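The values are calculated or read from the model by the stated rules, or taken from the named source; none is laboratory data. Remember, predicted model here, so these are calculated numbers, not experimental data. Every residue, glycine among them, receives a Cβ derived from its backbone with ideal geometry; neighbour counts consider all protein chains shown. Ligands, DNA and RNA are excluded from the accessible area calculation, which covers all protein heavy atoms including side chains. Shrake-Rupley method; radii C 1.70, N 1.55, O 1.52, S 1.80 Å.
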Amino acid sequence: MPAQASDIPPARVPAGRRLASAIYRRPRLQLGLLLSAPIGWLVVAYLGSLAILFVNSFWRLDPFTGSVVYEPGLQNFERLVSTEVYRTITVRTLAIAAAVTITDALIAFPIAYYMARVASPRVRSWLVVAILMPLWSSYLVKVFAWRILLQDAGPLNAVLRPLGLEAPGFTEGETRLWLCFSYLWLPYMILPIFAGLERIPNSLLEASGDLGARGWSTFRRVVLPLAFPAVVAGSIFTFSLTMGDYIAPNQLSSVQFIGNVVQGNVGVAGDLPFAAAFAVVPVVVMLAYLAVARRLGAFDSL
C-alpha cells in the first residue's frame, strides 16, 4: 500500500539554519550581536582601566616600606589640595590648555571660513590636504623641530636678533609650550569648524541679505551662532590633548604639567596611588567640559 503524504516525516531543519532564521527575525538582536565586540572592548579596555585608575587613587604608598597600602582613604586628594605646588601645576595646565584652545579657535576660524564659503572646490581640496599633512608626520619629530626652532642658537633667533628681538628662552616655558601646542593641535580645530561652516545652508545667508543685513551683521547673527557648536567641538580636542600631554613639556621647558607629575610618580617615585589621584583631575575636568559641550550641541559637529 503506497505511503500517504501525512505518513512522511518532515525534513529536519539544521540547527544553524534555525538559529540564523531566529536572528533574522529579530533586528534588535542583530544589532546587539554586531555591537557586542566593540562595546565589550570599550568596557573592558577603556572603562575598566578608568575604574582601576579611580580605585587606585584611594590607596596610598607607605613611605617606610615603599609598598602600596590597600586601604581606601582621601590622603592623595588631600595632598593635592593642601600642597601649593600641585595647585600651581593644575592651574598652569588648565591655563595653557585654555590659551591654546582660544589661540587655535582664532586662527582656525578664518581658515575654515575661507575653505567652506570662499575657496573653489579645487583650492578647498588642496587646503584640506595641506591641513591634514602635518598629522601624517611623527609627533616627536614636530616637537623636536620646535625645540630646534626655539633654542638660543636656533633659526628663529637668527632672524629676530638683527631686529632687536629674541625667541622665548628655555626658562620661558609657558610661551614655548603655548606656541608648540597651538601648532600641534591646530588641524583638530580647523576640521570641525570647516565641517560646521560647510553645513550652513546658503539660503540662510541669502535670506539675511534679502532682509537688509550687511556682511558683518550676517556673520555675527547667522554664521557665528550656527558655527559656535563646531568651535566647541574642536575645543574638545585642543583642550584635552594639551591638558594630557607630557612629552612636549619635557622636551621644551622646565615647567611641570599634570602629565609630567603623573609620569614622574609612576616611573621614578613609584607612587602609583598618588599618580592615579592626580590623573583623576583631568578626567573630572574633561567630564565637566564634555557635559557643557553637549549642552552647546558640540557633539552634532563631530
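Identify the GluC sites (Glu not before Pro) of the stretch 131-228 meeting these criteria: DSSP loop state and at most 12 other C-beta atoms within 10 Å of the C-beta. Could the numbers behind the result be given before it?
Numbers: sites: E166, E172, E174, E198, E206; in loops: E166, E172.
Qualifying residues, ordered by number: E166.
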So, in nm, how far is label V44 from label S82 when the simple model puts each one 7 Å beyond its Cα toward the Cβ?
4.2 nm
Work out how much length R214 to F64 would gain on full extension: take 0.36 nm times their residue separation and subtract the Cα-Cα distance, in nm to one decimal.
46.8 nm
Which shape class applies to the stretch 103-186: rounded if a/c is under 1.5, otherwise prolate when a/b exceeds b/c and oblate if not, where a ≥ b ≥ c are the square roots of the Cα gyration tensor eigenvalues?
prolate
Quick query: amide H of R60 versus all other amide H atoms, modeled in the peptide plane; which residues come in under 5 Å with a sequence gap of 5 or more or a different chain?
V69, E71
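Cα convex hull of the stretch 152-211: mean projected area in nm², to one decimal? Write down the numbers at each step before the final one.
Details: hull surface 29.8 nm².
If I average the Cα hull's projected area over directions, I get 7.4 nm².
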Exposed loop trypsin sites (Lys or Arg not before Pro) only (DSSP loop, at most 14 other Cβ atoms within 10 Å): please give the longest stretch of the chain free of them, not including the sites.
26-198
Enter the accessible area of S49 (Å², nearest 10), with the probe set to 1.4 Å and all protein chains included.
60 Å²
Among (1) 14.7; (2) 30.0; (3) 31.6, which is the computed mean projected area of the Cα convex hull in nm²?
(3)
Bounding extents of the stretch 68-121 in its principal axis frame from Cα atoms, largest first in Å, are 63, 24, 12
The stretch 23-73: chymotrypsin sites (Phe, Trp or Tyr not before Pro) in DSSP loop, at most 13 other beta carbons within 10 Å:
F64, Y70
Assign unit charges at the C-beta atoms only (+1 for Lys and Arg, -1 for Asp and Glu), then state the dipole size of the stretch 159-244 relative to its Cα centre in Debye, rounded to the nearest 20.
100 debye
Hydrophobic long helices for the chain, i.e. whole DSSP H runs reaching 30 angstrom or more by Cα along the axis with Kyte-Doolittle mean at least 1.6, come out as 272-295
Positive-pole candidate from A207, V223, V143, dipole of the chain, charges at beta carbon
A207
Could you list log10 I(q)/I(0) for the stretch 205-302 at q = 0.17 Å⁻¹, which the Debye formula gives when each Cα is one point scatterer?
-0.83
Kindly sort V281, V261 by accessible area of their heavy atoms, largest first, with the probe set to 1.4 Å.
V281, V261
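Once the piece of chain linking L290 and Q251 is laid out straight, how much longer is it, given 0.36 nm per residue of separation minus the C-alpha distance between them? Write down the numbers at each step before the final one.
Values: separation 39, 0.36 × 39 = 14.04 nm, distance 2.94 nm.
Once the chain is fully extended between L290 and Q251, it gains 11.1 nm.
In debye, nearest 20, what is the charge dipole magnitude of the chain about its Cα centre with +1 on Lys and Arg Cβ and -1 on Asp and Glu Cβ, if you could check? Present the calculation step by step, with values, prior to reporting the outcome.
On the way: 23 positive and 16 negative charges, 244 e Å.
Here the size comes out at about 1160 debye.
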Backbone N under 14 Å from the A22 label point (7 Å along Cα→Cβ), restricted to the stretch 28-42
29-30
What percent of all Cα-Cα pairs in the stretch 130-285 falls in each 5 Å bin, counting up from 0?
1, 8, 12, 13, 13, 13, 11, 10, 8, 5, 3, 1, 0, 0
Under Stokes-Einstein, the stretch 27-171 at 4 °C and 1.567 mPa s, with its Kirkwood radius over C-alpha pairs, diffuses with a coefficient in µm²/s of 60 µm²/s
